[in-house]
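Comments concern the structure below.
Every number in this text was worked out from the coordinates using simple rules, so none of it is lab data. The model shown is predicted, which means the values in this text are computed figures rather than measured ones. As a convention, Cβ positions derive from the backbone with ideal geometry for all residues, glycine included, and neighbour counts pool all protein chains shown.
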Amino acid sequence: MKVLLGIGGSDDSMRALETTVERTAEVGDDLTVAIVDNPSGERSREEMEARVTELLDERGVDATVRALDGEPGSALVDLAENEGFDQLVLGGGETSPMGKIQIGNIAEFVLLNSHVTVTLVR
Amino acid sequence: MSDRTFSDAVADPYDAPPLSFTDKEDRTIEVRAHDGSDEEQEALVEMYDAFDPSDRAQGIPPGREDRIRDWLENILDEDCLNVIAWDGDEVAGHATLVPDGDAYELAIFVHQTYQRAGIGTRLIKALLGYGRVSGIEKVWLTVERWNRAAVGLYQTVGFETSDAESFELEMTIRLAEPPDEEGG
């Protein structure tokens, strides 16, 4: 399966990255990791790239890593639809101090606009 | 998450618990602050364990007893404020304020057996009264926009919508004037 993982610099992106690389190692998906600018993320692009490379090496997974410019949600949907991906994977949101699940703006946009199947990692 | 807007106006001062009233089903309901005891915590676990999953809000209460216990452990912490509505020794509802920077996040749950009896309004007012006497200045919450009963309840007690751009609405209320050093 051709999988596009979109990550910004937030904690839920990091969890999605770990889970997806793990799954790719098990089932051998064709994985592309797209790094986007998430203004609410705590990590820089460089930090994200370094973490992606480190995880891929650790698990011996081969994946394409790309940096996406522009509006993250639309850039991810565009890429997923135009390059024939089967699935678009994103972080599944953060939890509030109360423990409520809160979906980020990027995930909201992707859920409402993507014609490609979307997976939110919890 | 930190740039929420709060009204400049202070909301109505509600009475702090303990208080008691007769609900629309003629049940005597007592509202008290959580006393920190294991007995009360167990009564809450029982209420949430029997909670209808269709009344969950953004993943809470969780749906398994061990997760309910983890979640309660977190929100019954001593820096949180908790009030419980009791029908005898059974929990009818529970409302909580959890610290989040200089504000508090609010949530309220009324067990299905006790809904539409006026308990939610009394319970949330008691929690806000408790918050006010405890020196809490600002409270926020999120609510799914389709949940009209809840949105109506929050508006009734003085919450105003502060962010309507996400799946869920964010609402805020001010319980006290900002301290002078904020220059407000």
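When chain A is modelled as a GNM with alpha-carbon springs shorter than 10 Å, which of A:Glu58, A:Glu71, A:Glu94 fluctuates the most?
Looking only at A:Glu58, A:Glu71, A:Glu94, the biggest GNM fluctuation is shown by A:Glu58.
Starting from the coordinates of the alpha-carbon atoms of region B:19-177, obtain the Kirkwood hydrodynamic radius over all distinct pairs and give the value in Å to one decimal. Present the calculation step by step, with values, prior to reporting the outcome.
Working: mean 1/r = 0.0630 Å⁻¹.
Kirkwood hydrodynamic radius for region B:19-177: 15.9 Å.
Cut-off under 30 Å on the C-alpha distance; same-chain residues fewer than 8 positions from B:Lys138 excluded. Which lysines are left, in chain and number order?
Once the sequence-local lysines are set aside, what remains near B:Lys138 is A:Lys100, B:Lys125.
Build a GNM of chain B with springs between Cα atoms under 10 Å: which of B:Thr113, B:Thr96, B:Thr121 gets the top mean-square fluctuation?
Judging by the Gaussian network model, the answer is B:Thr113.
Based on the Kirkwood radius over alpha-carbon pairs, what is the Stokes-Einstein translational diffusion coefficient of the protein assembly as shown at 20 °C with 1.002 mPa s viscosity, in µm²/s?
100 µm²/s
So how do A:18-25, B:82-89 stack up, highest first, on mean other-Cβ count within 10 Å?
B:82-89, A:18-25
Using Cβ counts within 10 Å as a stand-in for footprinting exposure, how do B:Lys24, B:Lys138 rank, fewest first?
B:Lys24, B:Lys138
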